[in-house]
Amino acid sequence: MKIIILGAGEVGGNLAQNLIKEARDITVVDTNADRLRELQDRIDIRTIRGLASHPDILRQAGAEDADMLIAVTSSDEINMVACQVAYTVFHTPTKIARIRTAAYLVDGGIFRDEAMPVDHIVNPEKIITQDIKRLIDNPGALQVMEFANGQVQLVCVKAYYGGPLVDQELRYIRKHMPMVDTRVAAIFRKGHPIIPKGTTIIEADDEVFFIAAADDIQSVMSELRRTERPNKRIVIAGGGHVGRGLAESVESKYGVRIIESSKQRCYELSETLHRTIVLAGNASDRELLLEENIEEADVFCAVTSDDEANIMSSMLAKSLGARKVITLINNPAYVDLIEGHDIDIAISPQQSTLGSILTHIRRGDVVKVHALRRGAAEAIEAIAHGDETSSKVIGRSLGDIELPSGTNIGAIVRGENVIIAHDDIVIKPGDHLILFLVDKSKIRNVEKLFQAPLSFF
């Protein structure tokens, strides 16, 4: 597959780095020569300097025979025009654009072939907002991913001393929770993946990824770690697109306060938010946090566009008594340095956006992709098509499917039913399979399993 990436920023660079590992033909376009040179120093890819929307630049990048164009520059307008040029001049089959401005997304009629031909839209702010909301709704989780329109969730938790299942074999789960069906998809111990078996023992501080029906998530979490009280009070630092979107999505359920340094922005927020208390000030102001009783906050979310400001305000809020802090960090180098210490959860926009883009790149009928562990692992939702003669999975039991090493099936969604994976379950046409891959080098083998036969089309 030949892919052109427009924009060599954090998202574009991270995407190129992940795709090149899969031996894809990648070309990156950007106006910044230094940024392109830095990217070439890290990975072996072709780069073109120039404005991404110009036809001559796209021609140099190989748009005439490209399979896909991914426009992730900092400008929505350049991204849209580039997709228009790719469609009109080069007839590029698939066009993905990052659109951040909400005004463009209000009217869905804009993005169609006869108007603005963008096949798939990626909105980072919306994705980040949804990620943080799920973390707020599930206290104790490090990561929460949804599949099959929310019917199934894959949750990462850290096992703590004293949990009922710590120092127990995994097969003990079914005996301990006979009424709840769940499966451990993967375990990361000191940063290294462990493919779970029935005899695998959960140790304290393990990061455990488990999958279950959405209604059963809290029951499983309580077995792996001490139960945390439900969240009630949320403090958000930053009233930008993410901060406002997050406040809008949670204010009906929680008590929300938002801190914004711009007075003009505070006026705008107070007009659009109905139940949120808007405070004008600096989230790194110790006196302000104390006045607002930060020690009573269940979650402090720092979501400004400034990494350093987010980190400092989060560390201050934690030291003053905030129960949990969630911090938005754009620079990937910062994430590993601070997560798990004074900051409980670091959110990477690049990783959140990566999964949304990979959904459209994966071969086979893949409808959802979540990037995990800084892109080293993946969770995907794939649909089985065909029949017993044309498909490599339909009509076969899970125990008979030859999955690549480092891959396992966690659950199957069949209509409205969630079936946790066991070896004797037989795959039927239309089943949605949730897979976990700790080794992304095997992704091609997984894609081949779910490629629809030609007769399907």
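We did not get these values from a lab; they are worked out from the coordinates using the rules stated. Because the structure is predicted, anything quoted here is derived from the model rather than measured. Using ideal geometry, Cβ is built from the backbone for each residue, glycine included, and neighbour counts are taken over all protein chains shown.
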What is the order of Y254, Y160, fewest Cβ neighbours within 10 Å to most? Y160, Y254
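Treat the count of other C-beta atoms within 10 Å as a stand-in for reagent exposure and order F450, F436, F300 from fewest to most. Write down the numbers at each step before the final one.
On the way: F450 22, F436 26, F300 30.
Listing F450, F436, F300 from fewest to most nearby Cβ atoms yields F450, F436, F300.
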Whole-Å distance, taken between Cα centres, linking segment 403-452 and segment 150-182: 21
In debye, nearest 20: dipole of the chain around its Cα centre with unit charges on the Cβ of K, R (+) and D, E (-)? 520
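Taking GluC sites (Glu not before Pro) as exposed when DSSP calls them loop (any state but H, G, I, E, B) and at most 10 other Cβ atoms lie within 10 Å, what is the longest stretch of the chain free of them, the sites themselves excluded? Present the calculation step by step, with values, prior to reporting the outcome.
Values: sites that count: E114, E402, E416.
No qualifying site falls inside 115-401, the longest such stretch.
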What residue among Q143, S319, L273 has its Cα farthest toward the positive end of the dipole of the chain, where the charges are +1 on Lys, Arg and -1 on Asp, Glu, each on the Cβ? Q143
List the lysines whose alpha-carbon lies under 21 Å from that of K197, not counting same-chain residues fewer than 8 positions away? K158, K175, K440, K442
Round to a whole angstrom and tell me the spacing of the C-alpha centers of segment 333-370 and segment 239-313. 24
So for the chain, taking the charge dipole from beta-carbon charges (+1 Lys/Arg, -1 Asp/Glu), which of A115, L246, Q168 sits furthest toward the positive end? Q168
For segment 358-456, whose charge dipole is built from +1 on Lys and Arg Cβ atoms and -1 on Asp and Glu Cβ atoms, the candidate among F450, I427, I412 with its Cα farthest towards the positive end is F450
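Kindly provide the helix-only [θ] at 222 nm of the chain, computed as the sum of -39,500 (n - 2.57) over DSSP H runs of four or more divided by all residues, to the nearest 500 deg cm²/dmol? Don't skip to the end; give the middle numbers.
On the way: 15 runs with 138 residues, N = 457.
Helix contribution divided over all residues of the chain: -8500 deg cm²/dmol.
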About its Cα centre, how strong a charge dipole does segment 1-111 have in debye, to the nearest 20, once Lys and Arg get +1 and Asp and Glu get -1 at the Cβ? 100
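Rounded to the nearest 20 debye, what is the charge dipole size of segment 260-416 about its Cα centre when +1 sits on each Lys and Arg Cβ and -1 on each Asp and Glu Cβ? Each step should come with its number before you reach the end.
On the way: 15 positive and 25 negative charges, 109 e Å.
Dipole about the Cα centre, nearest 20: 520 debye.
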Can you return the aspartates and glutamates within cross-link range of K21? Criterion is Cα-Cα under 13 Å, with same-chain partners fewer than 8 residues away left out. D44, D439
